[in-house]
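Below is one structure, written out as C-alpha cells; the observations come after it.
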Amino acid sequence: MSWLNRAASETQVTHGQRLWLYGLAGLIMFVLVVPTLIVIPMSFSASQYLEFPPQHWSLRWYEHYLSSPAWIDATWTSLKAATLTMLLATPVGTMAAYGLFASRHRSAQFLFIMLITPIMVPVILIAIGAFYVFVQIKLVNSLIGLVFAHSILALPLVIIVVSSALKSFDINLEMAARSLGASRAKAFFTVTLPQIRFAVITSALLAFLTSFDEVIIALFVSGGDNSTLTRNMFNALRDQIDPTIASISTIMIAVSTALLLLAQLFGKARE
C-alpha cells in the first residue's frame with residue numbers, strides 16, 4: 001500500500017493515481033504479445049497440423065527443421081545477410097548521423113529527413129524499386145543484392161538511434177581534443193565514439209534484426225541458393241500448413257529477445 005502513495009514522477013503524481021495507466025499499458029502489451037507467444041506451445045505439438053493447445057507434446061518439428069537441408073541453408077543465408085547488413089549499415093549510419101550532427105549547414109535537417117525516408121514509405125515500394133534496379137545490374141537472387149536492399153531499411157534506424165545519443169553528447173569535449181592536436185578522426189574515435197558506444201551497439205543489433213526478420217524485400221530480390229528463412233516460411237504457409245513454421249518462429253523469437261536483452265544488459269553495465 002505504501003507503494004501506491006509513493007510519487008511516480010517529479011510532478012508528485014502517485015502510483016495509485018496512475019493505476020489506470022498501468023492497467024491500460026498492461027492490456028495493450030497483452031494484446032500485442034499474446035498472439036506471438038501462442039506460437040511457442042504450438043511448436044511443441046505432435047500433430048501433423050498447427051494445433052492450439054497441443055493435445056500431445058513432441059520435438060518432432062524441431063528435429064524436422066534441424067535435419068532439413070533446405071531450412072538450414074535458408075537459415076545460414078539469413079544469418080549471413082543480417083550480419084553483413086549490420087556491418088554495412090552501422091558504420092555508414094553512424095557516420096551519417098555524426099556528419100549531420102556536426103554540420104552547421106541549413107540543409108542538415110532536410111538531409112536527415114531524406115535519409116530516414118525508407119521507414120516512412122511502404123516497404124513494398126522499396127522492394128519493387130530495388131527489384132527493378134537490381135534486375136538492371138544483375139543483383140537479383142544474390143546475397144550482396146539482399147544486403148544492399150536490407151541496408152536501405154536498417155540505415156534509418158541506425159541514424160535515428162545514434163542521432164539521439166549525439167544530442168546528449170557535449171561536442172566541446174571533442175573540440176577540446178582537437179585543440180590539443182588530435183585529428184578529427186582521432187578525436188571521434190577516442191572521445192565521441194566511447195560516449196555513444198551503447199547507441200552504436202543498439203543500432204547494430206536493430207540492423208541485424210531488421211534484416212533477419214524482413215520478408216517483403218526478400219520475396220522480390222532473394223531466391224534460389226540465396227533464399228532467406230523468412231521467404232521460405234512465407235512460401236511454406238502459402239503452399240501448405242507446415243508446423244515446422246511454428247518451431248522456426250519460436251527460435252526466431254528467442255534470438256530476437258536474447259539480442260534485445262543483451263543490449264539492455266550492456267546498457268546497464270555502462271551506466
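The values are calculated or read from the model by the stated rules, or taken from the named source; none is laboratory data. Since the structure is predicted, the reported quantities are computational estimates derived from the model, not experimental observations. When we count neighbours, we look across all protein chains shown, and the Cβ atoms used for this are built from the backbone with ideal geometry, even at glycine. Keep in mind that these areas ignore ligands, DNA and RNA; they rest on the heavy atoms of the full protein, side chains included. Shrake-Rupley method; radii C 1.70, N 1.55, O 1.52, S 1.80 Å.
Side notes on the structure shown:
- The string of couplings for the range 42-59 from the Karplus curve (6.51, -1.76, 1.60, θ = phi - 60°) is 4, 6, 9, 7, 8, 6, 6, 10, 5, 9, 9, x, x, 7, 9, 9, 6, 9 Hz, one whole number per residue in order, with x for Gly and Pro.
- Distance between modelled label sites at Tyr132 and Gln55, nm, 7 Å Cα→Cβ extension: 5.2 nm
- With the highest mean first, a sort of the peptides 198-205, 139-146, 20-27 on other beta-carbon atoms found within 10 angstrom per residue produces 198-205, 139-146, 20-27.
- Whole-Hz ³J(HN,Hα) from phi, Karplus 6.51 cos²θ - 1.76 cosθ + 1.60, for the range 138-145, glycine and proline x: 6, 10, 5, 6, 10, 5, 5, x
- 5 angstrom amide H check on Ser45, placed H, neighbours 5+ away: Ser58
- Projected-area mean, the chain, by convex hull of Cα positions, square nanometres: 20.5 nm²
- The heavy atoms of Ser68 present about 20 square angstrom of accessible area, all protein chains included, probe 1.4 Å.
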